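The values are calculated or read from the model by the stated rules, or taken from the named source; none is laboratory data. For clarity, every value in this text was computed on a predicted model and none was experimentally measured. Cβ placement follows ideal geometry from the backbone for every residue including glycine, while neighbour counts extend to all protein chains displayed. Surface areas here come from the heavy atoms of the whole protein model, side chains and all, with no ligands, DNA or RNA. Shrake-Rupley method; radii C 1.70, N 1.55, O 1.52, S 1.80 Å.
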Amino acid sequence: TRTTRPQRLLKAVQDRAIRGNPKSVISVIDHYCRNQEWAMNVGDEKGFILDSVVSELNPQTVLELGTYCGYSAVRIGRLLHSGARLLTLEFNPDYAAVAREVISWAGLENTVQLVEGASGDWIPRLREHFGIHTFDFIFLDHWKEGYLADIKLLEECRLLRKGTVLLADNVVCPGAPDYLEYVRKSPLYDSRYFKSHLEYTKAEDGLEKSVYLG
Ligand SMILES: Nc1ncc2ncn(CCCCCNC(=O)c3cc(-c4ccc(F)cc4)cc(O)c3O)c2n1
Ligand SMILES: [Mg+2]
(Lines give C-alpha, C1' and ligand atoms only; values in the text may rest on other atoms or scores of the structure.)
(Ligands and ions follow the chains in the order given, each with its own letter.)
Protein backbone atom coordinates (compact mmCIF):
# COMPACT_ATOMS: atom_id res chain seq x y z
CA THR A 1 0.00 0.00 0.00
CA ARG A 2 1.03 3.62 -0.54
CA THR A 3 3.13 5.36 2.12
CA THR A 4 1.47 8.09 4.17
CA ARG A 5 2.38 11.78 4.07
CA PRO A 6 4.09 11.60 7.50
CA GLN A 7 6.08 8.53 6.36
CA ARG A 8 7.27 10.41 3.22
CA LEU A 9 8.26 13.37 5.39
CA LEU A 10 10.23 11.03 7.70
CA LYS A 11 12.02 9.50 4.67
CA ALA A 12 13.09 12.97 3.57
CA VAL A 13 14.52 13.59 7.06
CA GLN A 14 16.39 10.25 7.11
CA ASP A 15 17.72 10.77 3.56
CA ARG A 16 18.69 14.44 3.83
CA ALA A 17 19.13 15.60 7.45
CA ILE A 18 22.27 15.18 9.56
CA ARG A 19 21.68 12.82 12.53
CA GLY A 20 21.85 14.64 15.87
CA ASN A 21 21.49 18.04 14.20
CA PRO A 22 18.05 19.56 15.01
CA LYS A 23 18.69 22.59 12.78
CA SER A 24 19.17 20.35 9.73
CA VAL A 25 16.03 18.31 10.59
CA ILE A 26 14.02 21.56 10.71
CA SER A 27 15.40 22.91 7.42
CA VAL A 28 14.92 19.57 5.60
CA ILE A 29 11.25 19.42 6.72
CA ASP A 30 10.61 23.06 5.74
CA HIS A 31 12.25 22.59 2.31
CA TYR A 32 10.36 19.34 1.71
CA CYS A 33 6.96 20.79 2.73
CA ARG A 34 7.47 24.01 0.77
CA ASN A 35 8.75 22.36 -2.41
CA GLN A 36 7.40 18.83 -2.53
CA GLU A 37 4.46 18.08 -0.24
CA TRP A 38 2.63 20.46 2.12
CA ALA A 39 2.21 19.23 5.70
CA MET A 40 0.67 20.83 8.78
CA ASN A 41 3.88 21.69 10.67
CA VAL A 42 3.95 25.12 12.33
CA GLY A 43 6.58 25.93 9.68
CA ASP A 44 9.46 28.40 9.42
CA GLU A 45 7.60 31.74 9.59
CA LYS A 46 5.42 30.97 12.64
CA GLY A 47 8.33 28.83 13.88
CA PHE A 48 10.50 31.95 14.13
CA ILE A 49 7.86 33.53 16.44
CA LEU A 50 7.70 30.28 18.45
CA ASP A 51 11.51 30.34 18.78
CA SER A 52 11.52 33.91 20.11
CA VAL A 53 8.80 33.19 22.70
CA VAL A 54 10.65 30.05 23.92
CA SER A 55 14.09 31.71 23.93
CA GLU A 56 12.80 34.70 25.93
CA LEU A 57 11.02 32.43 28.46
CA ASN A 58 13.74 29.75 28.78
CA PRO A 59 11.16 27.28 30.22
CA GLN A 60 12.05 24.20 32.32
CA THR A 61 8.75 22.34 31.87
CA VAL A 62 6.97 22.44 28.52
CA LEU A 63 3.75 20.78 27.33
CA GLU A 64 2.87 20.44 23.64
CA LEU A 65 -0.63 19.36 22.60
CA GLY A 66 -0.46 17.79 19.13
CA THR A 67 2.91 16.42 18.02
CA TYR A 68 2.08 15.45 14.41
CA CYS A 69 5.50 14.63 12.86
CA GLY A 70 7.52 16.20 15.67
CA TYR A 71 8.60 19.37 13.84
CA SER A 72 7.63 21.80 16.65
CA ALA A 73 8.87 19.37 19.31
CA VAL A 74 12.30 19.56 17.62
CA ARG A 75 12.01 23.37 17.23
CA ILE A 76 11.22 23.80 20.93
CA GLY A 77 13.45 20.96 22.22
CA ARG A 78 16.59 22.32 20.53
CA LEU A 79 16.20 25.60 22.50
CA LEU A 80 15.73 24.04 25.96
CA HIS A 81 18.61 24.24 28.45
CA SER A 82 19.98 21.12 30.20
CA GLY A 83 17.49 19.63 32.65
CA ALA A 84 14.51 21.20 30.85
CA ARG A 85 11.89 18.78 29.47
CA LEU A 86 9.17 18.82 26.80
CA LEU A 87 6.17 16.50 27.10
CA THR A 88 4.26 16.21 23.83
CA LEU A 89 0.84 14.55 23.50
CA GLU A 90 -0.27 12.93 20.25
CA PHE A 91 -3.64 11.26 19.70
CA ASN A 92 -2.91 9.61 16.34
CA PRO A 93 -0.66 6.50 16.62
CA ASP A 94 0.61 6.80 13.03
CA TYR A 95 1.67 10.42 13.63
CA ALA A 96 3.24 9.37 16.97
CA ALA A 97 5.30 6.62 15.33
CA VAL A 98 6.76 9.05 12.78
CA ALA A 99 7.31 11.77 15.38
CA ARG A 100 9.34 9.43 17.61
CA GLU A 101 11.69 8.75 14.67
CA VAL A 102 12.02 12.46 13.79
CA ILE A 103 12.70 13.42 17.44
CA SER A 104 15.29 10.64 17.68
CA TRP A 105 16.94 11.63 14.36
CA ALA A 106 17.34 15.14 15.80
CA GLY A 107 19.02 13.62 18.89
CA LEU A 108 16.39 15.03 21.26
CA GLU A 109 15.06 11.76 22.75
CA ASN A 110 16.40 12.73 26.21
CA THR A 111 14.72 16.16 26.14
CA VAL A 112 11.42 15.37 24.42
CA GLN A 113 9.01 12.73 25.70
CA LEU A 114 6.12 11.73 23.44
CA VAL A 115 2.96 10.42 25.09
CA GLU A 116 0.29 8.77 22.96
CA GLY A 117 -3.37 9.44 23.67
CA ALA A 118 -6.03 12.12 23.77
CA SER A 119 -5.13 15.32 25.60
CA GLY A 120 -8.42 15.21 27.53
CA ASP A 121 -7.54 11.80 28.95
CA TRP A 122 -3.90 12.58 29.78
CA ILE A 123 -4.07 16.11 31.25
CA PRO A 124 -5.74 14.96 34.52
CA ARG A 125 -3.02 12.30 34.94
CA LEU A 126 0.14 14.32 34.20
CA ARG A 127 0.91 15.21 37.82
CA GLU A 128 0.71 11.70 39.31
CA HIS A 129 2.16 9.98 36.22
CA PHE A 130 5.09 12.33 35.41
CA GLY A 131 5.57 14.12 38.74
CA ILE A 132 4.85 17.46 37.10
CA HIS A 133 3.82 20.36 39.36
CA THR A 134 3.07 23.14 36.84
CA PHE A 135 4.09 24.01 33.26
CA ASP A 136 6.14 27.08 32.32
CA PHE A 137 5.16 26.95 28.64
CA ILE A 138 2.35 25.25 26.67
CA PHE A 139 2.14 25.02 22.85
CA LEU A 140 -1.34 24.21 21.53
CA ASP A 141 -1.35 22.68 18.05
CA HIS A 142 -3.80 19.77 18.21
CA TRP A 143 -7.47 19.67 17.28
CA LYS A 144 -8.71 23.27 17.12
CA GLU A 145 -12.11 22.45 18.63
CA GLY A 146 -10.31 21.11 21.70
CA TYR A 147 -8.15 24.14 22.56
CA LEU A 148 -10.71 25.76 24.88
CA ALA A 149 -11.76 22.61 26.72
CA ASP A 150 -8.10 21.68 27.26
CA ILE A 151 -6.99 24.98 28.77
CA LYS A 152 -10.01 24.93 31.09
CA LEU A 153 -8.95 21.40 32.07
CA LEU A 154 -5.37 22.60 32.64
CA GLU A 155 -6.77 25.35 34.92
CA GLU A 156 -8.93 22.86 36.85
CA CYS A 157 -5.97 20.49 37.27
CA ARG A 158 -3.90 23.43 38.57
CA LEU A 159 -1.18 22.80 35.98
CA LEU A 160 -0.87 26.55 35.24
CA ARG A 161 0.91 29.04 37.52
CA LYS A 162 1.27 32.85 37.56
CA GLY A 163 3.28 33.59 34.40
CA THR A 164 2.66 30.33 32.52
CA VAL A 165 2.75 31.20 28.81
CA LEU A 166 0.34 29.53 26.38
CA LEU A 167 1.00 29.81 22.64
CA ALA A 168 -1.73 28.58 20.28
CA ASP A 169 -1.17 27.81 16.60
CA ASN A 170 -3.83 28.28 13.88
CA VAL A 171 -6.06 30.73 15.70
CA VAL A 172 -7.09 32.15 12.27
CA CYS A 173 -6.64 29.14 9.92
CA PRO A 174 -8.26 26.65 10.57
CA GLY A 175 -9.28 28.92 13.49
CA ALA A 176 -10.18 28.53 17.15
CA PRO A 177 -12.82 31.26 17.70
CA ASP A 178 -14.15 30.05 21.05
CA TYR A 179 -10.59 29.77 22.43
CA LEU A 180 -9.70 33.28 21.20
CA GLU A 181 -12.82 34.82 22.72
CA TYR A 182 -12.12 33.14 26.05
CA VAL A 183 -8.44 34.09 26.47
CA ARG A 184 -9.05 37.65 25.20
CA LYS A 185 -12.03 38.26 27.55
CA SER A 186 -10.95 36.35 30.65
CA PRO A 187 -9.29 38.37 33.46
CA LEU A 188 -7.15 35.26 34.02
CA TYR A 189 -5.12 35.91 30.85
CA ASP A 190 -3.13 38.68 29.18
CA SER A 191 -3.41 37.81 25.50
CA ARG A 192 -1.74 39.03 22.28
CA TYR A 193 -2.02 38.04 18.62
CA PHE A 194 1.09 37.51 16.45
CA LYS A 195 -0.04 37.86 12.82
CA SER A 196 1.70 35.53 10.38
CA HIS A 197 0.83 33.09 7.58
CA LEU A 198 -0.39 29.52 7.32
CA GLU A 199 2.72 27.33 7.01
CA TYR A 200 4.30 27.37 3.52
CA THR A 201 1.45 29.53 2.08
CA LYS A 202 0.36 33.17 1.67
CA ALA A 203 -2.90 32.64 3.59
CA GLU A 204 -3.26 34.54 6.84
CA ASP A 205 -2.80 32.70 10.11
CA GLY A 206 -1.27 33.60 13.46
CA LEU A 207 -0.30 32.61 16.97
CA GLU A 208 -2.06 33.78 20.13
CA LYS A 209 0.23 34.23 23.14
CA SER A 210 -1.61 34.23 26.48
CA VAL A 211 0.04 34.71 29.88
CA TYR A 212 -1.85 33.11 32.80
CA LEU A 213 -2.24 35.69 35.58
CA GLY A 214 -3.44 33.14 38.16
N1 LIG B 1 -4.11 15.63 21.46
C2 LIG B 1 -5.24 15.38 20.73
N3 LIG B 1 -6.37 15.08 21.41
C4 LIG B 1 -7.52 14.81 20.72
C5 LIG B 1 -7.49 14.86 19.32
N6 LIG B 1 -8.42 14.64 18.35
C7 LIG B 1 -7.80 14.79 17.17
N8 LIG B 1 -6.52 15.06 17.35
C9 LIG B 1 -5.51 15.14 16.31
C10 LIG B 1 -5.27 16.57 15.87
C11 LIG B 1 -5.06 16.64 14.37
C12 LIG B 1 -3.99 17.67 13.95
C13 LIG B 1 -4.30 19.06 14.45
N14 LIG B 1 -3.76 20.13 13.56
C15 LIG B 1 -4.50 20.62 12.59
O16 LIG B 1 -5.62 20.19 12.38
C17 LIG B 1 -3.91 21.67 11.67
C18 LIG B 1 -4.54 21.90 10.44
C19 LIG B 1 -4.01 22.85 9.55
C20 LIG B 1 -4.67 23.09 8.23
C21 LIG B 1 -5.15 22.01 7.50
C22 LIG B 1 -5.76 22.22 6.27
C23 LIG B 1 -5.89 23.53 5.77
F24 LIG B 1 -6.45 23.73 4.57
C25 LIG B 1 -5.40 24.61 6.50
C26 LIG B 1 -4.79 24.38 7.74
C27 LIG B 1 -2.86 23.58 9.89
C28 LIG B 1 -2.25 23.36 11.12
O29 LIG B 1 -1.14 24.06 11.49
C30 LIG B 1 -2.77 22.42 12.01
O31 LIG B 1 -2.15 22.26 13.22
C32 LIG B 1 -6.27 15.13 18.69
N33 LIG B 1 -5.16 15.40 19.38
MG1 LIG C 1 -0.78 23.90 13.55
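What angle, in degrees between 0 and 90 and rounded to the nearest 10, separates the Cα long axis of helix 22-35 from the longest principal axis of the Cα atoms of the chain?
It works out to around 80 degrees.
Would you calculate, for the chain, the mean residue ellipticity at 222 nm contributed by helices, counting each DSSP H stretch of 4 or more residues as -39,500 (n - 2.57) and dividing by all residues, to the nearest 500?
Theoretical 222 nm ellipticity from helices: -12000 deg cm²/dmol.
Where in the chain lies the longest segment free of GluC sites (Glu not before Pro) that are both loop residues by DSSP (not H, G, I, E, B) and have at most 16 other Cβ atoms within 10 Å?
For GluC sites (Glu not before Pro) (loop position, at most 16 other Cβ atoms within 10 Å), the longest site-free span of the chain is 110-214.
Hey, if you drop one equal point scatterer on each alpha-carbon of the range 90-214 and run the Debye formula without solvent, what base-10 log of I(q)/I(0) do you get at q = 0.18, 0.21 Å⁻¹?
Taken in order of the listed q values, log10 I(q)/I(0) reads -1.11, -1.34.
In degrees, nearest 10, range 0 to 90: what is the angle between the Cα axis of helix 93-105 and the longest Cα principal axis of the chain?
70
Ignoring ligands, DNA and RNA, what accessible area per residue does the chain give at 1.4 Å, in Å²?
That works out to 47 Å² for each residue.
Of the chain, which part is the longest with no trypsin sites (Lys or Arg not before Pro) in a loop (DSSP not H, G, I, E, B) and with at most 14 other C-beta atoms within 10 angstrom?
20-157
Whole angstrom only: what separates the Cα centroid of the range 62-113 from the Cα centroid of the range 39-61?
That distance is 13 Å.
Let me know the charge dipole size of the range 56-192 about its Cα centre in debye, to the nearest 20, where only the beta-carbon of Lys, Arg (+1) and Asp, Glu (-1) is charged.
Roughly 460 debye, rounded to the nearest 20.
Which entries in Lys23/Lys144; Lys11/Lys195; Lys144/Lys209; Lys144/Lys202 show an alpha-carbon gap greater than 23 Å?
Flagged as over cut-off: Lys23/Lys144; Lys11/Lys195.
Counting only protein heavy atoms, what percent of the accessible surface of the chain is carbon or sulfur at a 1.4 Å probe?
53
State, to one decimal in nm, how far the label point of Arg127 lies from the label point of Phe194, with both points 7 Å from Cα in the Cβ direction.
About 3.0 nm separates the two model spin labels.
At 20 °C and 1.002 mPa s, grab the translational diffusion coefficient of the chain from Stokes-Einstein with a Kirkwood Rh over Cα pairs, rounded to a whole number in µm² per second.
After rounding, the answer is 125 µm²/s.
Note down the relative contact order for the chain as a percent, whole number, built from C-alpha pairs under 8 angstrom at least six residues apart.
About 19 percent, as a whole number.
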